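First the structure, in the form of structure tokens, and then the observations on it.
The values are calculated or read from the model by the stated rules, or taken from the named source; none is laboratory data. From a predicted model like this one, the values you see are computed outputs, not experimental measurements. Cβ sites come from the backbone with ideal geometry, for glycine too, and all protein chains shown count toward neighbours. The protein model used for the area step is the full one, side chains on, heavy atoms only, and it has no ligands, DNA or RNA in it. Shrake-Rupley method; radii C 1.70, N 1.55, O 1.52, S 1.80 Å.
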Amino acid sequence: MDEKVKGAWERFLNPVALKNNIITASVHSMAFEMLKSAIEDKIREFFTNGFDENGLIVSEDYKQKVLKLNRSRTYASLYWLKQMDAINDSDLETFERIKRHRNELTHELFKFVSEGCSFDVNESFNDMIALLKKVELWWFVNLEMAIDPDAYPLDIDLEQVFPGRVWGLEMFITTALGSEDEAMKFYNDFVRQTEI
């Protein structure tokens, strides 16, 4: 039997490898959706003028300043962030690369579980976290710190700021794909806190 074919079957039939690969692909897809949602939702919330019986009241400015930039809400949001200097062309390329990775894992799952993929999955996760952190820190500096500058020290080190959404994404990835000890730490900390 051809070694490549044999390797693909071994990878596919090994139950531990198969489960890990399916979980990895699922987590990557979910992490991508979390990134997309964070990018889109924060901007929409920024253009919200309150609530009514139907939910959020989104201003007309959102349609004029954001949604008109692209038919896709995701790309319109990314282009708005670029206009605001929150991200740059390199970040847009990073998003495209992450999206290609998600598409490869989602649409070619059988190939992934039998042959692997064309990219480093851990690097793709790191790219998601880095892009989300960049966007979240931009909001922190340009909204939260701008609204109440006295609440923050003048010499604040932004490298030490850890936005909640970034923490949530990292926790999700670590819980699903990290060691059992790392995953259980989050769970045990949660249980301990809820028992107080």
Extreme residue, most open to solvent (accessible area, probe 1.4 Å), among residues of region 173-196 that are of a type in the set (A, V, I, L, M, F, W, C) and part of a helix (DSSP H, G or I):
190
Condition set open to solvent by 60 Å² or more (accessible area, probe 1.4 Å) and assigned to a helix (DSSP H, G or I), scope region 113-129, selection farthest from residue 88 (Cα to Cα): answer is 115
Just to be sure, is residue 102 of a type in the set (Lys, Arg), open to solvent by less than 80 Å² (accessible area, probe 1.4 Å) and assigned to a helix (DSSP H, G or I)?
yes
For region 47-84, enumerate the residues that are within 19 Å of residue 98 (Cβ to Cβ) and open to solvent by 60 Å² or more (accessible area, probe 1.4 Å).
73, 79, 82
Which one of these is within 24 Å of residue 18 (Cα to Cα) and among the hydrophobic types (A, V, I, L, M, F, W, C): 129, 87, 173?
173
Determine whether region 44-56 contains at least one residue that is small (Gly, Ala, Ser) and within 17 Å of the chain's Cα centre (by Cα).
no
Of all residues in region 140-167 being over 28 Å from residue 30 (Cβ atoms) and of a type in the set (Asp, Glu), the one that is surrounded by the fewest Cβ atoms within 10 Å (Cβ to Cβ):
155
For region 147-158, does any single residue satisfy the condition of being out of contact with any Leu (no Cβ under 6 Å at 6 or more places or on another chain), at pLDDT 90 or above and part of a helix (DSSP H, G or I)?
no
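I need a count of the residues in region 1-60 that are in a helix (DSSP H, G or I) and either modelled with pLDDT under 85 or not hydroxyl-bearing (Ser, Thr, Tyr) (or both).
40
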Taking residue 88, is it at negative phi and out of contact with any helix residue (DSSP H, G or I) (no Cβ under 9 Å at 6 or more places or on another chain)?
no
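Open to solvent by less than 70 Å² (accessible area, probe 1.4 Å) and in contact with a Pro (Cβ under 6 Å, 6 or more places away or on another chain): is that true of residue 170 in this structure? I'd like the intermediate steps shown before the answer.
On the way: open to solvent by less than 70 Å² (accessible area, probe 1.4 Å): yes; in contact with a Pro (Cβ under 6 Å, 6 or more places away or on another chain): no.
Taking the combined requirement at face value, the residue does not satisfy it.
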Pairs, please: C-beta under 8 Å, at least 6 apart or cross-chain, first residue touching a residue at least 40 places away in the same chain (Cβ under 8 Å) and in region 88-109, second open to solvent by 60 Å² or more (accessible area, probe 1.4 Å)?
91/82; 91/134; 109/22
